[in-house]
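So the structure is just underneath, and the comments pick up after that.
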Amino acid sequence: MTRHTKGALAYRRYRFPPLYGEPSRHEATEQEEPAAYSQGLEQGYEEGFGQGHAAGLERGRQEGLRLGLEQGTEQGRQQGLAQLRELQHSLAEELRQWQSGAEQQWQQLSLSALRQQREQLCELVEQVARRVIRTELTLNPQQVLAIVEEALAGIDARTQELQLFVNPDDCARLREIGITECQGWALHEDAALAPGDCRIETETLTLEALTEERLQKGMARVAQSLDGADEPA
């Protein structure tokens with residue numbers, strides 16, 4: 001249907017109403033808006049949930065890192081302190097054992113040094129004593145007579161038969177000064193005897209007075225006195 005206006009020809013297309021109740025564009029737009037809103041709302045929710053979930057995960061991760069770092073630091077500190085105490089105890093025990101061993105070694109070294117000094121001193125005393133004996137017997141042969149007389153003191157005075165034996169060198173030096181007997185008993189030579197030795201033979205016994213035996217007895221007394229000096233107070 002066409003409508004004419006004054007001075008110009010104008011018309012408007014006529015639209016027939018939709019068949020079977022089809023909605024118009026305006027009505028369709030109004031009907032589509034709620035669905036789009038719901039879809040957008042759902043999409044926004046999902047995006048927001050995803051972003052919130054990611055943000056929550058990140059905050060949780062950061063918080064977990066912080067707590068883990070604090071707990072790990074404290075645990076490491078406690079473990080470090082425990083290891084330090086254990087190391088200190090171990091070092092103290094090693095130091096105690098070392099000190100004990102060092103003291104024992106020092107005592108052993110000290111005792112060893114003292115024993116060595118004692119032995120050296122005894123050897124020196126013995127060497128000096130031997131030289132003194134030889135010198136005394138050489139310069140004063142009558143010392144042999146003193147030894148013989150000391151030995152005769154242990155013989156029964158009622159003995160009828162007796163022989164005296166001395167070292168040949170001692171006997172020769174005694175003859176040089178006019179001595180050939182002792183207490184009425186003749187002096188005989190015996191090369192088996194050392195200078196300063198004498199032997200007495202009777203019908204029932206043989207008695208020897210040996211310089212070496214007397215010297216060793218004297219050295220035993222010297223060593224005993226040194227042993228007493230080595231003992232701790």
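Considering Ser110, Ser100, the condition of being closer than 21 Å to Ser225 by Cα and either modelled with pLDDT under 80 or outside any helix (DSSP H, G or I) (or both) is satisfied by Ser110 alone.
Taken together, the residues in the stretch 140-158 that are farther than 16 Å from Asp197 by Cα and either among the aliphatic types (A, V, I, L, M) or modelled with pLDDT of 85 or more (or both) amount to 2. Scanning the stretch 151-181 for residues that are exposed (fewer than 13 other Cβ atoms within 10 Å of the Cβ) and under 16 Å from Leu205 (Cα atoms) yields a count of 7. Taking first residues from the stretch 165-194 that are assigned by TED's automatic domain parsing to the domain that holds Val148 and partners that are assigned to a helix (DSSP H, G or I) and of a type in the set (Ser, Thr, Tyr), the Cβ contacts under 8 Å between residues at least 6 apart in sequence or on separate chains come to Arg173/Thr138; Ala194/Thr211. Out of everything in the stretch 118-141 that is more than 17 Å from Arg214 (Cβ to Cβ) and either touching a Gly at 6+ places or on another chain (Cβ under 6 Å) or polar (S, T, N, Q) (or both), what residue ends up being surrounded by the most Cβ atoms within 10 Å (Cβ to Cβ)? Looking at the filtered set, the residue picked out is Thr138.
The values are calculated or read from the model by the stated rules, or taken from the named source; none is laboratory data. Every value quoted in this text rests on a predicted model; they were computed, and no experiment measured them. Don't worry about glycine lacking a Cβ; one is built from the backbone with ideal geometry, like all the others, and counts go over all protein chains shown.
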